[in-house]
Amino acid sequence: MVEVKSMKQLFTEEQIKQRICELGAQITKEYAGKEIKLIGVLRGASVFYAELAMRIALPVRFDFVSVSSYKDGTESTGRIQIRKEPDEPVRGEHVILVEDIIDTGRTLKQLRGLLEDRGAASVSLAALLDKPSRRVTDLHADYVGFEIPDAFVVGFGLDYAQYYRNLPYIGIVEV
Ligand code: 5GP
């Protein structure tokens, strides 16, 4: 287990789940009459993904991608490598890409490009957290849980050196 110097709760489990309910309702309304292909970015989006999927009252099919981004720490390598593509073709699908947090925006920008190249009918972006002050791309998410300041956060799927993903809340850590 990797210890941290301090942990300060930023959003409670109740606040997060309430906000995800709102996002699910919004998606349900905006995609009425359509089927959704929900594509999660492993591993950080897993907890948000599950909660969001259950709040969408439309036909939803699951798929996942995996990318390499942060290396066992808090600093980005700046290098994005796609390790796993979706298992099934996305041609003609209405895709919602589900990510834990948007930082520079490089990950989602590259993934959206990939899905558009593969012929998705539409690609929108959902992220539990967004750090707009860190953006180095023109990426804009369609569904955002909470905007947060430039701090390193863990919990609800987000890790520090692979730990703390199972915290039911989101906390700011000092490492
Ligand atoms: P981007 O490509 O937008 O710069 O990076 C997004 C990825 O960076 C996220 O999927 C996540 O893996 C990582 N990341 C960015 N900020 C944080 C943070 O505060 N905490 C954690 N655990 N990961 C972060």
Which of K17, K34, K109 fluctuates most in a GNM of the chain (C-alpha springs under 10 Å)? That residue is K34
Between helix 13-30 and the chain, what is the angle of the helix's C-alpha long axis to the longest principal axis, kept within 0 to 90° and rounded to the nearest 10? 20 degrees
Calculated from DSSP helices alone, with each H run of at least 4 adding -39500 (n - 2.57) and the total divided by the residues of the chain, [θ]222 nm to the nearest 500 comes to -7000 deg cm²/dmol
Once neighbouring chains are kept in place and the probe is 1.4 Å, which whole percent of the accessible area of the chain is contributed by carbon and sulfur? 48 percent
Residue among I82, I96, I36 with the largest mean-square fluctuation in a Gaussian network model of the chain, springs linking Cα atoms under 10 Å: I82
What is the sum of charges, Lys and Arg at +1 and Asp and Glu at -1, for the other residues whose Cβ falls under 9 Å from the Cβ of E174? +2
FRET efficiency, E3 to R134 (Cβ-Cβ, R0 25 Å, nearest 0.05): 0.45
So what is the accessible area of the chain per residue, in Å², with the probe set to 1.4 Å? 50 Å²
Out of the DSSP beta bridges found with both residues in the chain, what percent are antiparallel (nearest 5)? 35 percent
Below 8 Å between Cα atoms, with a sequence gap of 6+, how large is the relative contact order for the chain in percent? 27 percent
Relative to the longest principal axis of the C-alpha atoms of the chain, give the angle of the C-alpha long axis of helix 106-117, reported between 0 and 90° and rounded to the nearest 10°. 10 degrees
Given a Förster distance of 22 angstrom, what is the FRET efficiency for I80 paired with E116, based on the Cβ-Cβ distance and rounded to 0.05? 0.85
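The values are calculated or read from the model by the stated rules, or taken from the named source; none is laboratory data. Here the structure is a predicted model, which means the values were calculated and not measured. Methodologically, a virtual Cβ is constructed for each residue, glycine included, from the backbone with ideal geometry; neighbour enumeration extends over all protein chains shown. Calculation scope for accessible area: heavy atoms of the full protein, side chains included, ligands and nucleic acids excluded. Shrake-Rupley method; radii C 1.70, N 1.55, O 1.52, S 1.80 Å.
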